[in-house]
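Peer 1: Let me give you the structure first, and then I'll get to my questions.
The values are calculated or read from the model by the stated rules, or taken from the named source; none is laboratory data. Keep in mind the model is a prediction, meaning the values are calculated, not measured. Neighbour counts run over all protein chains shown; Cβ positions are idealised from the backbone, glycine included. Side chains included, ligands, DNA and RNA excluded: accessible areas come from the protein's heavy atoms. Shrake-Rupley method; radii C 1.70, N 1.55, O 1.52, S 1.80 Å.
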Amino acid sequence: MKQPFEQVVAEHGETVFRVCRVLLGPHDADDAWSETFLAALRAYPDLPATANVEAWLVTIAHRKAIDVLRAARRNPLPVDEVPETVAAGGPAGGGP
């Protein structure tokens, strides 16, 4: 018989947080930890009773951390000065 999910969180929460923190640093680790346990909660009823719960959670945490890193790479980076761009087919400065 599987243990209640609350007990799973209490038992493995610290390990999952360490994985998230190593991969993401302190700022994004909390969000990845939460996303890990939300995903695990949805899948927990289908998890076999013989599964290694800690390894399963670490795998989920690793994948959630990768998702955070990929999303961060798609965000624009701040710059000191915005470079001037030339509109296609038009002069610089947008004149007639």
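Peer 1: If you stretched the chain out fully between LEU69 and MET1, how much longer would it get, using 0.36 nm times the residue separation minus the C-alpha to C-alpha distance?
Peer 2: 20.9 nm
Peer 1: Write down the accessible area per residue of segment 5-74 in Å², having rolled a 1.4 Å probe over the full set of protein chains.
Peer 2: Per residue, segment 5-74 has an accessible area of 66 Å².
Peer 1: Mind checking which of VAL68, THR36, VAL22 is farthest towards the positive end of segment 5-74's charge dipole, using Cβ charges of +1 (Lys, Arg) and -1 (Asp, Glu) about the Cα centre?
Peer 2: VAL68
Peer 1: Can you give the extra length, in nm with one decimal, that the chain gains between ASP30 and VAL53 once fully stretched, where that is 0.36 nm per residue apart less the Cα-Cα distance?
Peer 2: Contour length minus Cα-Cα distance gives 6.3 nm.
Peer 1: So, one more: Per residue of the chain, what 222 nm ellipticity follows from adding -39500 (n - 2.57) for every DSSP H run with n ≥ 4, rounded to the nearest 500?
Peer 2: Calculated from helices alone, the mean residue ellipticity at 222 nm is -21500 deg cm²/dmol.
Peer 1: Ok, one more. As a test of reading the structure, rank HIS27, HIS12, HIS62 by solvent-accessible area (1.4 Å probe, protein chains only), most first.
Peer 2: Working: HIS27 160, HIS12 20, HIS62 80 Å².
Heavy-atom accessible area, descending, gives HIS27, HIS62, HIS12.
Peer 1: First compute the accessible area of segment 5-74 with a 1.4 Å probe, then give the percent of it belonging to carbon and sulfur atoms. Kindly include the intermediate steps, with their values, before the conclusion.
Peer 2: Numbers: 2450 of 4590 Å².
Carbon and sulfur: 53 percent of the exposed surface of segment 5-74.
Peer 1: Please work out how much accessible surface GLU35 shows to a 1.4 Å probe, ignoring ligands, DNA and RNA, in Å² rounded to 10.
Peer 2: 90
Peer 1: Then there's this: Where does each of PHE5, PHE17, PHE37 land when they are ordered by accessible area, with a 1.4 Å probe and the largest first? Mind showing how you got there, number by number?
Peer 2: Values: PHE5 35, PHE17 65, PHE37 15 Å².
Per-residue accessible area, sorted high to low, gives PHE17, PHE5, PHE37.
Peer 1: Let me ask another. Restricting to Cα atoms and excluding each atom paired with itself, what does the Kirkwood estimate give for the chain in Å?
Peer 2: One over the average 1/r among Cα pairs gives 16.2 Å for the chain.
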